[in-house]
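Visitor: Here you go, one structure.
The values are calculated or read from the model by the stated rules, or taken from the named source; none is laboratory data. Quantities reported herein were computed from a predicted structural model and do not represent experimental measurements. We place every Cβ from the backbone using ideal geometry, glycine too, and count neighbours over all the protein chains shown. Ligands, DNA and RNA are excluded from the accessible area calculation, which covers all protein heavy atoms including side chains. Shrake-Rupley method; radii C 1.70, N 1.55, O 1.52, S 1.80 Å.
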Amino acid sequence: MAEEYGEPAKFDPKFKGPIKNRGCTDIICCILFMIFIMGYIAVGIIAWLYGDPRQVVYPRNSTGFYCGFGPNSDKPFVLYFDLLKCLTGTSVLAASMNGLQCPTTQVCVAECPQYFRAAIPIGVPKNVYNQTFCQPSINLTTTILSVSQIASKELCPVFLVPSKPIFNRCFPQVDLTFPSNFTIDNMSNNATIGNITEAAKTIANSLNFQNLSKKIFEDFANSWSWILIALGIAMLVSLFFLLLLRFTAGFLVWILIIGVIGVIGYGIYHCYMEYTTATMTFNQVGFNPNLSVYFQVKETWLGILILLAVVELILLLLLLFLRKRILIAIALIKEASKAIGHIMSSLFYPLVTFVLLVVCVAYWGITALYLATAGGPMFIISATNSSTPGCGDIKGNESCDPMTFNASNYSCPDVRCVFYKYETEGLVLKNIFNLQIYNVFGFLWCINFVIALGQCVLAGAFASYYWAFIKIRDMPYFPVSAAFMRTLRYHTGSLAFGSLILTIVQIIRIILEYLDHKLKGAQNPCTRFLMCCLKCCFWCLEKFIKFLNRNAYIMIAVYGKNFCVSAKNAFKLLMRNIVRVVVLDKVTDLLIFFGKLLVVGGVGVLAFFFFSGRLPIPGDTIKSPTLNYYWIPILTVVVGSYIISHGFFSVYNMCVDTLFLCFLEDLERNDGSIDKPYYMPKSLMEILHKKNQSPEAEGKKKKKKKKKK
């Protein structure tokens, strides 16, 4: 093992913890990361210059102007003349989020129509139409056009129905009931009462979440103070649990281990009882599509019993042979709780990581939004009916400007200037997709770098605790701040290198997921099997790289070497002590799972009883808020409690991993000899030298042997 995974570290009396005289590492990668960040900033500037996110929020009229801005500042809503055309081949909800540029005239209005009205082919235009809902280019009082001509040119809407503004767009009301005298006399190709009613139902089904979102907002407004109190309780419980582990870690670990063994033992007993009471066999049942039948078969319970018995035997043997390593894991967990007690500021460092992650996510989201809305609208000349005399020459490929377009210059009476698409010409607009890829890559690299920074900073702080010979006196005054400045000054390149490797693997996984989505319709089993294998392999590779990076950052924080050397040394050190690694990892995972379950489950149950009104509270001073959906604050509390507990336990997990690597280094440097100075706590020394009672007793025995010689 020593030859395959390198020689153990040699004893060095001058080594006293994290190296202070260190130099910058992985400078080339640091320069590359800085250049990439400058490019990422340039992408954001380009997106800001070319993008217009108002396309997502605010509607446009047929001339391309936003409703609620400039000349339409007093008209925030858009009205679609013939909403039935918007339903052809598109989703109303998806279209509304992308500007909803339908192939029909749309105008900005001060308010949505609140009444039924249908145009009739006879009469004076000013009596048939409402000027408020017509295009500004027509004046109903002075126009010489007839009612039919106005309708064919879509200068005014053929029909009006009571509407409500949803996303600043006028959509028919959900409970739309037409009056008995409401008729449309062929003023539109498909504007019948049945079609309009069906369109209203379709729109209502697509956008019916408006009332739901309003109620959810009301629930948040009524319960936000209690949500904050519940999250505060989750924070206190997480902190209390971490500090309590200092005194109860051994008890909790053994309780959990005995609990697992006991549950499996009960499973064996239950399977035995079911086996003795079952009367059917496989020969009697044969093949049956009803799987519940097989739970009445003796062989089923016998197979489960044998499987559980084998698992129980393996666990008991592991417990017997690995008890010393379990005791070491418990001692390290206790010491981790003690270290956090001495470095309380480490518990608040996840707030720094959280803020940096929010900045990364916000920058990525805003940049993606601006890139997605880059390019102005393009308009083309089109005819509503190409069979109309004079309209056959209009092919729909000639661009136009809706502000200067004059229909009288054309012989076609149905000619219009309509929206076609958003502009895609030009160097920047042609490379929007490439810029989006750069944005995604930059987002993943920055996210991984921020997480790596947090891990290296915490590792440096906890390593300074372990390698302090006298824990309080030899520690720096501000270990977290010192580790933060040291990491940023010397090891930005190493963190960028490690996060870049992880980002490349994540990008490959995203590409595989995209290909898998595109190939879902493929019936080739070989292709599906190959894709499944690739996805599984890269998932495992990502987990391995995360594990390796985490331990490499610990070695970087202690020794100040570059990423490759640190990763190699960490891997070899762990492989030389693989059994201890597995035991500590599983014991720590068990405790952290129990802690998260305690925090999230306890606070979630408390929130359920409080917000559902089932928690009896004496007096009238405290009352649960009145809610439309009490599960909204409960779900918020559960998610928030998980995030808080994950933040606290991530610090704890990093502390355990750091102390463990330092412990292994300490053990190898001293070669198991008690004559050399150990930095490990006395509890670990007692476990390691238990056969000889204590290090002091072993020292006395050695002295006696020397005297006899």
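Visitor: According to the square roots a ≥ b ≥ c of the eigenvalues of the Cα gyration tensor, what is the shape class of the range 319-360, taking rounded for a/c under 1.5, prolate for a/b larger than b/c otherwise, and oblate for the remainder?
Guide: oblate
Visitor: Could you calculate the contour length gain from Cys536 to Lys518, that is, 0.36 nm times the residue separation minus the distance between their Cα atoms, to one decimal place in nm?
Guide: Gain in length upon complete extension: 4.7 nm.
Visitor: Of Lys535/Lys568; Lys546/Lys572; Lys324/Lys586, which ones are farther than 24 Å apart at the Cα?
Guide: Too far apart for the 24 Å limit: Lys535/Lys568.
Visitor: Greater than 29 Å separation of Cα atoms is the criterion. Which listed pairs, Lys430/Lys518; Lys20/Lys596; Lys20/Lys543, meet it?
Guide: Lys20/Lys596; Lys20/Lys543
Visitor: By how many nm would the segment from Ile35 to Leu244 lengthen if fully extended, with 0.36 nm per residue of separation less the alpha-carbon distance?
Guide: Net length gain for the segment: 70.6 nm.
Visitor: Next question. So which GluC sites (Glu not before Pro) in the range 292-375 are both in a DSSP loop and have at most 14 other Cβ atoms within 10 Å of their Cβ?
Guide: none
Visitor: Right, something else. Ignoring ligands, DNA and RNA, what accessible area per residue does the range 551-593 give at 1.4 Å, in Å²?
Guide: Heavy-atom accessible area per residue stands at 37 Å².
Visitor: Please compute the length gained on full extension between Thr527 and Ile504, using 0.36 nm multiplied by the number of residues separating them and subtracting their Cα-Cα distance.
Guide: Result for the pair: 5.9 nm of gain on full extension.
Visitor: Another one. In nm, to one decimal, how far is the modelled label at Thr141 from the one at Ser612, with both set 7 Å along Cα→Cβ?
Guide: Between Thr141 and Ser612, the label points sit 6.5 nm apart.
Visitor: Explain nothing, just compute: Karplus ³J(HN,Hα) = 6.51 cos²θ - 1.76 cosθ + 1.60, θ = phi - 60°, for every residue of the range 229-241 in order, whole Hz, x for Gly and Pro.
Guide: In residue order, the calculated couplings are 5, 5, 5, x, 5, 4, 5, 5, 5, 4, 5, 5, 5 Hz.
Visitor: Related question: Once label points are set 7 Å from the Cα along Cα→Cβ at both Val310 and Thr132, what is their separation, rounded to one decimal in nm?
Guide: 7.9 nm
Visitor: Measure off 7 Å from each Cα along the Cα-to-Cβ vector at Phe217 and Phe547, then give the distance between these two points in nanometres to one decimal.
Guide: Roughly 4.8 nm, to one decimal.
Visitor: Now for a different question. Non-local amide H neighbours of Lys164 (under 5 Å, H modeled in plane, Pro and chain starts lacking H): which ones?
Guide: Hits under the 5 Å cutoff: Phe171, Gln173.
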